[in-house]
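Below you'll find the structure, written out as C-alpha cells, and then a few comments.
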Amino acid sequence: MENFENKTAYVTGAASGIGFAISEALVKQGANVMMADIDGGLLTESANTLRNYKGRIETHVCDVIKAKDVQAGFAATQAAFGNIHLLFNNAGVGLAGKPGQIAIEDWRWIVDINLMGIVHGVEAFVPHMRSHGEGGHIVNTASMAGHFTMPGMAPYHATKFAAVGYSEALAQELASQNIGVSVLCPTWVKSNIYNTGKQAPTLIANANSKTPSKESPSANETTNQMYQLTKGLVENGMEASTFADLVLKSIQAKRLYIFNDREARDAINVRRDMILKDYDACLKDLGL
C-alpha cells in the first residue's frame, strides 16, 4: 500500500494508546478511520480531537470478545465509507500471575481479547477485502512478549505468541490475494496497558461483592509486582505517535514484523540459540 489517502481503516482499542496514535496518523494522511473501543465515553472524546485533520472519523463502540460486535463494526464501516482496506486488530489486555493461582475465567478473558479479538476481526473483514479487489492490509497487535518470556506473565505471553503465529500464517495465506499482514511486536510504548489487568473477571467480581475477599485468585503478590514494574516501563516508553508513524511506514514497506527496541533484539537471538541447542541434541540422540 503506497499511500493512505482515501483508504478506509477499522481500528480497535482506538480510544487511547497505540490505537489512538494509529488513528491519528492515518487521518492526518487523509484516511477514513472507524475508531472502535469498548469505552464509548473515552472513544467519543478521543475521536473529537481528530476531526480537524484531513481524513474522516467515525466511531463504533465494540467489545472484541463478541464476534457480533466486530461484525457490526464491519457493517458500520462499510456503510460509512464503502470499501475497507485496513484492519487494525489492536485491542488488548494484560494479565499476570503464577501457575496454579490464575483463575480460569481470567485465562478465558485474556484469550478472548488478545487472540479471539484478532480472529473475530479477520473473519469479519477478510471476505470483504478479498471481494473488492483493491488490496488491503491487516495489522495485529502482539508484543515482544510474543518472542520471549519472563516469569509472572504466562497468560500474556501465551496470547502474544499466539498472535505472532497466527499473523505469520495469515501472511502466507493472504499474500496471493493482495492482502498484506503485519504484527506489532513492541516493547514499551506509552499506553494504558498496565491498568487493563484490573478488568479481569475475578477482580471485577471481587470489587462488586458485598463481602469481598482479601485476595481474588488472580490478585496476588506476583500480580502487584508485575503491575509496578510494567507501569514504570510503559510510562517511560516510546511515544505512541512515534510508534504509529513506524507502523504506517512498515505497512508501506510490506514488513511482517514491526519492532521498536534495539536492546530487545538480543532476546530473539537467545531464544533461537536455545531452540537450536535442544533441536540438535534431539537429532543427535536419534542418530540423525
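Rule-based calculations on the coordinates, nothing more; no lab input. Only a predicted model underlies this, so the values are computations on that prediction, with no experimental measurement involved. In this analysis, Cβ positions are derived from the backbone assuming ideal geometry, glycine residues included, and neighbour counts consider all displayed protein chains.
Can you give me the number of residues within the stretch 79-96 that are more than 16 Å from HIS120 (Cβ to Cβ) and not in a loop (DSSP other than H, G, I, E, B)? I'd like the intermediate steps shown before the answer.
Quick first cut of the stretch 79-96, residues more than 16 Å from HIS120 (Cβ to Cβ) only: 79-83, 85-86, 94-96.
Imposing the further condition that a residue be not in a loop (DSSP other than H, G, I, E, B) reduces the set to 79-81, 86.
Residues that pass the stated criteria total 4.
Would you pick out the residues in the stretch 167-198 that are surrounded by fewer than 20 Cβ atoms within 10 Å (Cβ to Cβ), within 22 Å of ILE22 (Cβ to Cβ) and free of Cβ contacts under 8 Å to residues at least 60 places away in the same chain?
Listed by number, the residues that qualify are LEU174, ASN178, ASN195.
Test ASN140 against the criterion of being at positive phi and either under 17 Å from the mean Cα position of the chain (by Cα) or touching a residue at least 40 places away in the same chain (Cβ under 8 Å) (or both), and give yes or no.
On the way: at positive phi: no; either under 17 Å from the mean Cα position of the chain (by Cα) or touching a residue at least 40 places away in the same chain (Cβ under 8 Å) (or both): yes.
No.
Quick check: anything in the stretch 112-123 assigned to a helix (DSSP H, G or I), free of Cβ contacts under 8 Å to residues at least 60 places away in the same chain and among the small types (Gly, Ala, Ser)? Quick ask: steps written out before the conclusion?
Here is the first cut: in the stretch 112-123, the ones assigned to a helix (DSSP H, G or I) are 112-114, 116-123.
Narrowing the set further to residues that are free of Cβ contacts under 8 Å to residues at least 60 places away in the same chain leaves 112-114, 116, 118-120, 122-123.
Narrowing further to those that are among the small types (Gly, Ala, Ser): none.
No, there is no match, as no residue in the stretch 112-123 is assigned to a helix (DSSP H, G or I), free of Cβ contacts under 8 Å to residues at least 60 places away in the same chain and among the small types (Gly, Ala, Ser).
Quick one: how many residues across the stretch 30-42 are touching a residue at least 40 places away in the same chain (Cβ under 8 Å) and in a helix (DSSP H, G or I)?
0
Picking from VAL27, VAL11, which residue would you name as being surrounded by 19 or more Cβ atoms within 10 Å (Cβ to Cβ) and either free of Cβ contacts under 8 Å to residues at least 12 places away in the same chain or within 14 Å of VAL64 (Cβ to Cβ) (or both)? Walk me through how you get there before you give the answer.
Working: VAL27 fails: either free of Cβ contacts under 8 Å to residues at least 12 places away in the same chain or within 14 Å of VAL64 (Cβ to Cβ) (or both).
Exactly one residue qualifies, and that residue is VAL11.
Return yes or no: is GLU45 part of a loop (DSSP other than H, G, I, E, B) and among the charged types (D, E, K, R)? So that I can check it myself, show each step before the final result.
On the way: part of a loop (DSSP other than H, G, I, E, B): no; among the charged types (D, E, K, R): yes.
Answer is no for this residue.
Report whether or not HIS157 is under 23 Å from GLY17 (Cβ atoms), without any contact (Cβ under 8 Å) to a residue 24 or more places away in the chain, more than 11 Å from the chain's Cα centre (by Cα) and part of a helix (DSSP H, G or I). Full working, then the answer.
Working: under 23 Å from GLY17 (Cβ atoms): yes; without any contact (Cβ under 8 Å) to a residue 24 or more places away in the chain: yes; more than 11 Å from the chain's Cα centre (by Cα): yes; part of a helix (DSSP H, G or I): yes.
Judged against the criteria, HIS157 is a match.
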